[in-house]
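The values are calculated or read from the model by the stated rules, or taken from the named source; none is laboratory data. This is a predicted model, so every value here is computed, not measured. Neighbour counts run over all protein chains shown; Cβ positions are idealised from the backbone, glycine included.
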Amino acid sequence: MASLVMVLAVWRAMRLTGAADGIFSTVGFAMALVGATAWFWVAGHGLSMYTSVGAGLGDVTGDSEIQAASLQASYLAVTAGLLVVGIGSIGWNLLLATSGRRSGLIGRPLSVVFGVFAAIPLYQAAVPFATPWPILVAVLGSLILGIALLVTSRKRR
């Protein structure tokens, strides 16, 4: 939910400054929106094994192969959601690196940082079944962006 609020708030700030008028900004916003909402998919599927669905897996069948296949399908759904988050964060980081800089929300150094952050999830897209550590760039990027926006808002007072 926090990612979605941040995407919408930053987009609104960019629109107010006129930096979000281009087609690339709109595409970046759409990718950011898809990536932020994909966290709901990841959370839902990630927690499904801890609900009555996962607890009742042994009651459905006693066959361990079917249980393993069901678990693998659940893990695959989580991986697919993380892949969508990663692809969405590429657009989000590129939006911040370009339109965020033009709007004055972030400075040149952070623009470079978010440009680098845009490249990191490409590894996850290339190797989707690897450990999803590159996806944590989205979380780190949100922390850095939040601090930068707080500093910017203090300067504009």
Open item on the list: So for region 53-64 (the condition being in a helix (DSSP H, G or I) and modelled with pLDDT of 85 or more), does at least one residue qualify?
Closed with: no
Task: Selection from region 82-100 of residues that are more than 10 Å from the chain's Cα centre (by Cα) and either aliphatic (A, V, I, L, M) or farther than 15 Å from V151 by Cβ (or both) - done: L94, L95, L96, A97, T98, S99
TODO: Determine whether region 103-113 contains at least one residue that is assigned to a helix (DSSP H, G or I), of a type outside the set (A, V, I, L, M), closer than 24 Å to W11 by Cα and within 15 Å of the chain's Cα centre (by Cα).
DONE: no
